[in-house]
Amino acid sequence: MKPEPLTNHTPTVLFGAFDRHNFGDLLIAQVVARMLPRRELLFAGLAARDPHGDGGPPTVALARIAAFARGRAVNVIHVGGELLTCNAWEAAVMLAAAQRVQALIAEEAEWLRDPPTWAREHVGVASLAPYALSKSALAGVRVQHLSFNAVGGVELDVRDTALRADVLSALQSADSITVRDRETLARLAEMGVNARLVPDPAAMTAALFGVTIRRHAAKEAMREVREAFPRGYVAVQFSADFGVDATLDTLAAQLALVTRLHGVGIVLFRAGAAPWHDDLAVYERLSRRLHVTTVRVFASPNLWDICALIAGSRAYCGSSLHGRIVAMAYALPRVNISHPDHFASSRKHAAYAATWEVAGLAGTVPLGELANAVDDAMAADPETLRKTAFELARRYRSEFADHAGR
């Protein structure tokens with residue numbers, strides 16, 4: 001039987017990895033919600049989450065979906081992100097409170113002995129890929145339409161067979177699938193799964209949330225940044241694993257060159273406060289390597305403050321893919337950097353840039369090439385950047401409307 005399309009009358013569960021503080025996941029959840037007006041919505045993840053004013057949605061754990069449905073049929077939308085390659089052990093660590101992180105890391109061997117049992121006990125679903133829900137995983141819930149929206153899975157080719165099997169099972173139970181880069185499209189094709197290609201939901205950031213972001217740009221934190229750097233600044237972010245002294249030395253030298261070449265300041269911000277993301281202490285260590293007049297650490301974890309910081313910058317540079325995508329939405333120069341020891345982790349950045357980026361603009365570069373890449377990006381044609389931003393938003397809006405059956 002052909003599945004019914006999504007309708008404004010069907011309660012809808014938005015499911016994803018916005019159950020922890022990660023800038024991109026919080027943002028795409030809000031984008032998809034905004035594109036479903038007048039819909040009864042529930043935000044669900046693997047864990048319950050109180051956003052505490054950081055701009056993300058309040059989120060319930062999987063077990064609460066049945067109570068939301070109350071016997072009704074529901075739509076379930078995986079809102080996006082690199083969901084297909086996150087295993088249950090990684091998810092549990094990223095969701096853990098700070099005092100539990102080391103204990104869970106130490107349980108990796110136990111997880112490997114019996115992954116399904118460990119996953120059920122720790123994240124609530126007996127799947128090696130718990131952010132890829134199948135209809136059967138939602139016990140007691142009648143799912144009318146299950147969809148994957150602009151998801152990523154670039155590294156499926158190097159994940160273990162059991163995880164790939166769980167991902168395949170979830171995808172085979174879906175009624176519609178879109179992916180955000182050509183590499184993921186190819187990975188799914190190899191598995192016999194048909195999908196459509198769309199930009200990431202964050203391509204809609206400026207189009208949907210311009211008023212909200214301008215309001216946050218007028219707040220004190222952003223006023224202080226503008227006063228400190230009247231000639232502008234580069235918004236810079238990187239994950240905590242860049243915190244080795246030699247790596248910070250290289251970063252500092254490259255960023256100092258950027259400030260000299262362009263007369264700009266450097267503003268360091270977090271694109272994620274969850275475990276394995278960004279660390280203010282590492283930023284402070286980097287800032288001590290730069291001249292005090294050229295650098296600021298932007299401490300706010302608020303989603304819209306971060307968007308305002310990127311939107312008001314002269315350029316974005318960092319290890320966050322969604323930092324880049326928001327810069328693309330605002331037609332700004334952008335560069336992603338790769339960790340010197342973990343180049344494979346930047347595959348999703350390279351895949352997205354290869355799919356959607358302006359020709360000639362760098363995707364991901366080694367740290368030693370950062371200053372040159374920023375220089376090249378800032379020389380890019382502004383009109384070309386604007387056209388790219390407009391086209392990506394137009395394409396996502398069109399594809400989502402078709403995806404939602406509206």
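Structure summary
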item	result
Filtered residue count, the stretch 31-56, keeping only those that are within 19 Å of Ala206 (Cα to Cα) and either in contact with a Leu (Cβ under 6 Å, 6 or more places away or on another chain) or open to solvent by less than 40 Å² (accessible area, probe 1.4 Å) (or both)	9
Filtered residue count, the stretch 252-277, keeping only those that are surrounded by fewer than 20 Cβ atoms within 10 Å (Cβ to Cβ), among the hydrophobic types (A, V, I, L, M, F, W, C) and more than 23 Å from the chain's Cα centre (by Cα)	5
Criterion (open to solvent by 20 Å² or more (accessible area, probe 1.4 Å), in contact with a strand residue (DSSP E or B) (Cβ under 6 Å, 6 or more places away or on another chain) and touching a residue at least 24 places away in the same chain (Cβ under 8 Å)) met by exactly one of Ala240, Ala228	Ala228
Among (1) of a type in the set (Phe, Trp, Tyr); (2) modelled with pLDDT under 95; (3) within 22 Å of the chain's Cα centre (by Cα) - the single one Tyr131 does not satisfy	(2)
Test result for Arg70, in contact with a Pro (Cβ under 9 Å, 6 or more places away or on another chain), open to solvent by 40 Å² or more (accessible area, probe 1.4 Å) and more than 26 Å from Phe23 (Cα to Cα)	yes
Sole exception among (1) under 30 Å from Ala137 (Cα atoms); (2) free of Cβ contacts under 8 Å to residues at least 60 places away in the same chain; (3) surrounded by fewer than 22 Cβ atoms within 10 Å (Cβ to Cβ) for Asp175, by number	(2)
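Yes or no, residue by residue, for (1) touching a strand residue (DSSP E or B) at 6+ places or on another chain (Cβ under 9 Å); (2) at pLDDT below 95:
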{"position": "Gly140", "(1), (2)": "no, yes"}
{"position": "Asn149", "(1), (2)": "yes, no"}
{"position": "Asp160", "(1), (2)": "no, yes"}
{"position": "Arg164", "(1), (2)": "no, no"}
{"position": "Leu168", "(1), (2)": "no, no"}
{"position": "Ala174", "(1), (2)": "yes, no"}
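Conditions (1) under 30 Å from Gln102 (Cβ atoms); (2) part of a helix (DSSP H, G or I); (3) of a type in the set (Ser, Thr, Tyr); (4) touching a residue at least 40 places away in the same chain (Cβ under 8 Å), marked per residue:
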{"site": "Arg214", "(1), (2), (3), (4)": "no, yes, no, yes"}
{"site": "Met222", "(1), (2), (3), (4)": "no, yes, no, yes"}
{"site": "Ala235", "(1), (2), (3), (4)": "no, no, no, yes"}
{"site": "Ala246", "(1), (2), (3), (4)": "yes, yes, no, no"}
{"site": "Asp249", "(1), (2), (3), (4)": "yes, yes, no, yes"}
{"site": "Leu257", "(1), (2), (3), (4)": "no, yes, no, yes"}
{"site": "Ile266", "(1), (2), (3), (4)": "no, no, no, no"}
{"site": "Trp276", "(1), (2), (3), (4)": "yes, no, no, yes"}
{"site": "Glu284", "(1), (2), (3), (4)": "yes, yes, no, no"}
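The values are calculated or read from the model by the stated rules, or taken from the named source; none is laboratory data. Only a predicted model underlies this, so the values are computations on that prediction, with no experimental measurement involved. As a convention, Cβ positions derive from the backbone with ideal geometry for all residues, glycine included, and neighbour counts pool all protein chains shown. Heads up: the accessible areas ignore ligands, DNA and RNA and are worked out on the full protein's heavy atoms, side chains in. Shrake-Rupley method; radii C 1.70, N 1.55, O 1.52, S 1.80 Å.
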